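*Asks:* Can you read through this structure? Questions will come right after.
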Amino acid sequence: MIKLHKKFLKTTHSIADLNLCSVRLMDNAKFPWIILIPKRKGARQILDLNKKDQMKLMSEIDYCSRIMKKSFNAYNLNVEKVGNIIPQLHIHVIARNKKDSTWPLPVWVTKAKPYKKKKLAETIKKIQKLI
């Protein structure tokens, strides 16, 4: 297991481990939002992964995207690799709906709202059932 960037430990919650990626829930109750973090030391960009891992990453993004779409009846999915603040390679998969608080703008235009304990547990369990 690789060491997670300290910001992930503060802002996300563990959901599951897939073949390549750790799946974590972003602590923002405004949006159903997971992050996939490849378990490869030193990976900052997708191109830092070997071809086999790149293909595995795409497969896991697809798998998790389908889960998020189904679980949260998403109108749209935002699937992004940004990494401007946290350099460790990670992919955001965010289920979006026309009624969410920032639609159609990006989720980053609003301050995060941490989950309440009960809702956090419910959301993690909901995703874990399908993973």
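*Asks:* In the range 27-131, which trypsin sites (Lys or Arg not before Pro) fall in coil by DSSP and have 14 or fewer other Cβ atoms within 10 Å?
*Replies:* Numbers: sites: Lys30, Lys39, Arg40, Lys41, Arg44, Lys51, Lys52, Lys56, Arg66, Lys69, Lys70, Lys81, Arg96, Lys98, Lys99, Lys111, Lys116, Lys117, Lys118, Lys119, Lys125, Lys126, Lys129; in loops: Lys30, Lys39, Arg40, Lys41, Arg44, Lys81, Lys98, Lys99, Lys111, Lys116.
When the trypsin sites (Lys or Arg not before Pro) of the range 27-131 are filtered for loop state and at most 14 Cβ neighbours within 10 Å, Lys41, Arg44, Lys81, Lys98, Lys99, Lys111, Lys116 remain.
*Asks:* OK, next. Under a 1.4 Å probe, what is the accessible area of the range 65-118 per residue, stated in Å²? Walk me through the numbers before you get to the answer.
*Replies:* Numbers: 3590 Å² over 54 residues.
With the other protein chains kept in place, the range 65-118 gives 66 Å² per residue.
*Asks:* Could you run the Karplus curve 6.51 cos²θ - 1.76 cosθ + 1.60 with θ = phi - 60° over the range 6-11 and give me ³J(HN,Hα) per residue in whole Hz, x for Gly and Pro?
*Replies:* Values, residue by residue: 4, 5, 4, 5, 8, 10 Hz.
*Asks:* For log10 I(q)/I(0) by the Debye sum over Cα atoms at q = 0.15 Å⁻¹, the listed values are [x] -0.76; [y] -0.69; [z] -0.61; which was obtained by calculation from the structure presented?
*Replies:* Of the labelled values, this structure produces [y].
*Asks:* Output the pairs from Lys6/Lys99; Lys7/Lys116; Lys10/Lys69; Lys51/Lys119; Lys56/Lys116 with a Cα-Cα distance over 30 Å in this structure; if there are none, say none.
*Replies:* Among Lys6/Lys99; Lys7/Lys116; Lys10/Lys69; Lys51/Lys119; Lys56/Lys116, the Cα-Cα distance tops 30 Å for Lys6/Lys99; Lys51/Lys119; Lys56/Lys116.
*Asks:* Work through the residues other than Asn28 whose Cβ is under 10 Å from its Cβ and net out their charges, Lys, Arg +1 and Asp, Glu -1.
*Replies:* Within the 10 Å Cβ shell, the charges total +2.
The values are calculated or read from the model by the stated rules, or taken from the named source; none is laboratory data. Only a predicted model underlies this, so the values are computations on that prediction, with no experimental measurement involved. Backbone-built Cβ (ideal geometry, glycine too); neighbour counts: all protein chains shown. When the accessible area is computed, the model is the full protein with side chains, heavy atoms only, and any ligands, DNA or RNA have been set aside. Shrake-Rupley method; radii C 1.70, N 1.55, O 1.52, S 1.80 Å.
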